[in-house]
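Asks: First the structure, which I've put down as structure tokens, then a few questions once you've had a look.
The values are calculated or read from the model by the stated rules, or taken from the named source; none is laboratory data. Not measured: the values here are computed from a predicted model. Using ideal geometry, Cβ is built from the backbone for each residue, glycine included, and neighbour counts are taken over all protein chains shown.
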Amino acid sequence: MEKRVYNFSAGPSMLPLEVLERAQRELVCYPSCGMSVMEMSHRSKMFENILEQAKADLKELMHIPENYKILFLQGGGSTQFAMVPLNLMNKSNKADYVVTGQWAKKAAEEAKRYGTVNIAASSADTTFDRIPALDKSKFTPDADYFYITLNNTIYGTRWTELPDVGNVPLVGDMSSSILSQEIDITKFGLLYAGAQKNLGPAGVTVVIIRDDLLGNEMDFTPTMLKYSVHADNNSLYNTPPTYGIYFVGLVFDWVKRQGGVAAIQKRNEKKAGILYDFLDASSLFHGTVVKKDRSLMNAPFILPTEELNAKFIKEAEAQGFVNLKGHRTVGGMRASMYNAMPVEGVEKLVAFMEQFEKENG
Ligand SMILES: *Cc1c(COP(=O)(O)O)cnc(C)c1O
């Protein structure tokens, strides 16, 4: 096999080698089936078992209660920006959004097409370097939902404490942090995540929705964009992304074998700690996020000049640390350390950064 690199991409991103190898073994013939998962009817017993196992494993991993449905949909995280208002903005036709970065902003803008969006807080004025302080007097008391992005992939912040929104359903975009740390699902009415950061290949989106939020779509909601249609049909209304569902199922199984989400969280805290401790001690590298809101998944950092940023990215790549270039709107560097990134990958990156500092400091 060719040598694998340490892939620090923000997404699509690194997947566990064990999972890739298992998928490779099962690619041509899924055990006892004589065919690939890609070739199976989505209505077959074989595929039904794969789907049910994936649901059961996610339910166990995230401690999802009985009154929630797990859906496997298409259209990526971005389709949820429309599905959330189309399905939930149905009583007062108002919703609160906290704008913590580009993904939250895009979600709020999409929702404006369907109702009244109140920006309850924003950290745009400090280039999204933090989660903004909340002022309850800015909340809409009769909002149909309150929307947050749990981990801000581009800017490297995360909510460490959930907002207290009373009886208003809390909606969370967890695309870049699902299964990275323990979360109290009962605090949410709806959580969703595109697969390509922590779960598997792009093409499947996991939605976890509380039963009472189903079935109140706006009249003109396209059938394919109704959560209730997918819930009533167990994600089999039409052909779902079968291979993607199989693959996220393998990742759920892998997370279980790592000791579950609590064990993964410990490992993620260790990895992030190694990098942030180095950044805090460095006189050359500089983290861009306020400490209390630092993400466990995405760590943006900069060097004093554009020349040094470019030099670092180039030399890192030559050493097998790839995709460290920051988002085009932020510049500098960003190291994404999703669940599949081993501790050793971060240790080696930091050793390289130390060396770079000695040579360029
Ligand atoms: C990547 C990402 C998205 C967009 O996902 P797509 O599948 O590309 O539509 C949305 N929200 C967050 C937090 C993300 O990290």
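Asks: Cβ-Cβ below 6 Å, separation at least six or inter-chain, first residue in the range 41-56 and modelled with pLDDT of 95 or more and part of a loop (DSSP other than H, G, I, E, B), second among the polar types (S, T, N, Q) and surrounded by fewer than 16 Cβ atoms within 10 Å (Cβ to Cβ): which pairs?
Replies: Note: pairs meeting the criteria are HIS42/THR239.
Asks: So, one more: In the range 249-285, which residue that is touching a helix residue (DSSP H, G or I) at 6+ places or on another chain (Cβ under 7 Å) and not in a helix (DSSP H, G or I) is surrounded by the most Cβ atoms within 10 Å (Cβ to Cβ)?
Replies: Quick first cut of the range 249-285, residues touching a helix residue (DSSP H, G or I) at 6+ places or on another chain (Cβ under 7 Å) only: 249-256, 258, 260-261, 264, 267, 270-271, 274-275, 278, 282, 284-285.
Filter once more, keeping what is not in a helix (DSSP H, G or I): 258, 282, 284-285.
Values: GLN258: 17, SER282: 18, LEU284: 17, PHE285: 24.
This residue is PHE285.
Asks: I've got another one for you. Considering the range 167-177 alone, what residues qualify as being within 14 Å of the ligand (Cβ to nearest atom), in a loop (DSSP other than H, G, I, E, B) and touching a residue at least 60 places away in the same chain (Cβ under 8 Å)?
Replies: Within the range 167-177, the subset within 14 Å of the ligand (Cβ to nearest atom) is 171-177.
Keeping just the survivors that are in a loop (DSSP other than H, G, I, E, B) gives 174-177.
Selection gives SER175, SER176, SER177.
Asks: Take PHE188 and tell me if it is without any contact (Cβ under 8 Å) to a residue 60 or more places away in the chain and within 16 Å of the ligand (Cβ to nearest atom). So that I can check it myself, show each step before the final result.
Replies: Numbers: without any contact (Cβ under 8 Å) to a residue 60 or more places away in the chain: yes; within 16 Å of the ligand (Cβ to nearest atom): yes.
Yes.
Asks: Among (1) assigned to a loop (DSSP other than H, G, I, E, B); (2) under 21 Å from the mean Cα position of the chain (by Cα); (3) modelled with pLDDT of 95 or more, which single condition is HIS327 missing?
Replies: (3)
Asks: Only one residue in LYS69, LYS105 is closer than 23 Å to VAL204 by Cα, of a type in the set (Lys, Arg) and more than 11 Å from the ligand (Cβ to nearest atom), so which one is that? Before you say what the answer is, go through the steps one by one.
Replies: Values: LYS105 fails: more than 11 Å from the ligand (Cβ to nearest atom).
Among LYS69, LYS105, only LYS69 is closer than 23 Å to VAL204 by Cα, of a type in the set (Lys, Arg) and more than 11 Å from the ligand (Cβ to nearest atom).
Asks: Which of the residues belonging to the range 286-315 are buried (at least 17 other Cβ atoms within 10 Å of the Cβ), among the β-branched types (Val, Ile, Thr) and outside any helix (DSSP H, G or I)?
Replies: THR288, VAL289, ILE302
Asks: In the range 222-232, which residues are out of contact with any helix residue (DSSP H, G or I) (no Cβ under 6 Å at 6 or more places or on another chain) and either part of a helix (DSSP H, G or I) or closer than 16 Å to ALA54 by Cα (or both)?
Replies: MET224, SER228, HIS230, ALA231, ASP232
Asks: Which one is nearest to LYS292 (Cα to Cα), of the residues in the range 125-166 that are of a type in the set (Lys, Arg) and more than 12 Å from the ligand (Cβ to nearest atom)? Spell out how you get there, then give the answer.
Replies: Within the range 125-166, the first condition is being of a type in the set (Lys, Arg), and the residues that meet it are 130, 136, 138, 158.
In the following step, the residues that additionally are more than 12 Å from the ligand (Cβ to nearest atom) were identified as 130, 136, 138.
Working: ARG130: 8, LYS136: 21, LYS138: 23 Å.
Of everything passing the filter in the range 125-166, ARG130 is nearest to LYS292 (Cα to Cα).
Asks: Here's something else I'd like to know. If you check LEU71, LEU20, which single one turns out to be touching a residue at least 60 places away in the same chain (Cβ under 8 Å) and not acidic (Asp, Glu)?
Replies: Details: LEU20 fails: touching a residue at least 60 places away in the same chain (Cβ under 8 Å).
Answer to the selection: LEU71.
Asks: Still on this model: How about the range 169-187: which of its residues are more than 8 Å from the chain's Cα centre (by Cα) and surrounded by 24 or more Cβ atoms within 10 Å (Cβ to Cβ)?
Replies: Once the filter is applied, which keeps residues that are more than 8 Å from the chain's Cα centre (by Cα) and surrounded by 24 or more Cβ atoms within 10 Å (Cβ to Cβ), the range 169-187 yields VAL171, GLY172, LEU179, SER180.
Asks: For the range 178-198, state whether one or more residues are under 21 Å from THR116 (Cα atoms), of a type in the set (Val, Ile, Thr) and in contact with a strand residue (DSSP E or B) (Cβ under 7 Å, 6 or more places away or on another chain).
Replies: no
Asks: Might you let me know whether the range 179-194 holds any residue that is in contact with a Lys or Arg (Cβ under 6 Å, 6 or more places away or on another chain) and on the phi < 0 side of the Ramachandran plot?
Replies: Checking the range 179-194: at least one residue is in contact with a Lys or Arg (Cβ under 6 Å, 6 or more places away or on another chain) and on the phi < 0 side of the Ramachandran plot.
Asks: So, in the range 109-140, how many residues would count as being closer than 25 Å to TYR227 by Cα, surrounded by fewer than 22 Cβ atoms within 10 Å (Cβ to Cβ), free of Cβ contacts under 8 Å to residues at least 40 places away in the same chain and not β-branched (Val, Ile, Thr)?
Replies: So the count comes out to 6.
Asks: Taking the residues in the range 338-361 that are assigned to a helix (DSSP H, G or I) and polar (S, T, N, Q) as candidates, determine which candidate is farthest from VAL261 (Cα to Cα).
Replies: Per the criteria, the residue is ASN360.
Asks: Within the range 83-91, does at least one residue satisfy the condition of being within 16 Å of the ligand (Cβ to nearest atom) and touching a strand residue (DSSP E or B) at 6+ places or on another chain (Cβ under 7 Å)?
Replies: Yes, some residue in the range 83-91 is within 16 Å of the ligand (Cβ to nearest atom) and touching a strand residue (DSSP E or B) at 6+ places or on another chain (Cβ under 7 Å).
Asks: Being touching a Phe, Trp or Tyr at 6+ places or on another chain (Cβ under 7 Å), away from the ligand (no atom under 12 Å from the Cβ) and in a loop (DSSP other than H, G, I, E, B) is the requirement here; does VAL207 meet it? Before you say what the answer is, go through the steps one by one.
Replies: On the way: touching a Phe, Trp or Tyr at 6+ places or on another chain (Cβ under 7 Å): yes; away from the ligand (no atom under 12 Å from the Cβ): yes; in a loop (DSSP other than H, G, I, E, B): no.
No, not satisfied.
Asks: Criterion first (within 16 Å of the ligand (Cβ to nearest atom) and part of a strand (DSSP E or B)) does VAL117 satisfy it?
Replies: No.
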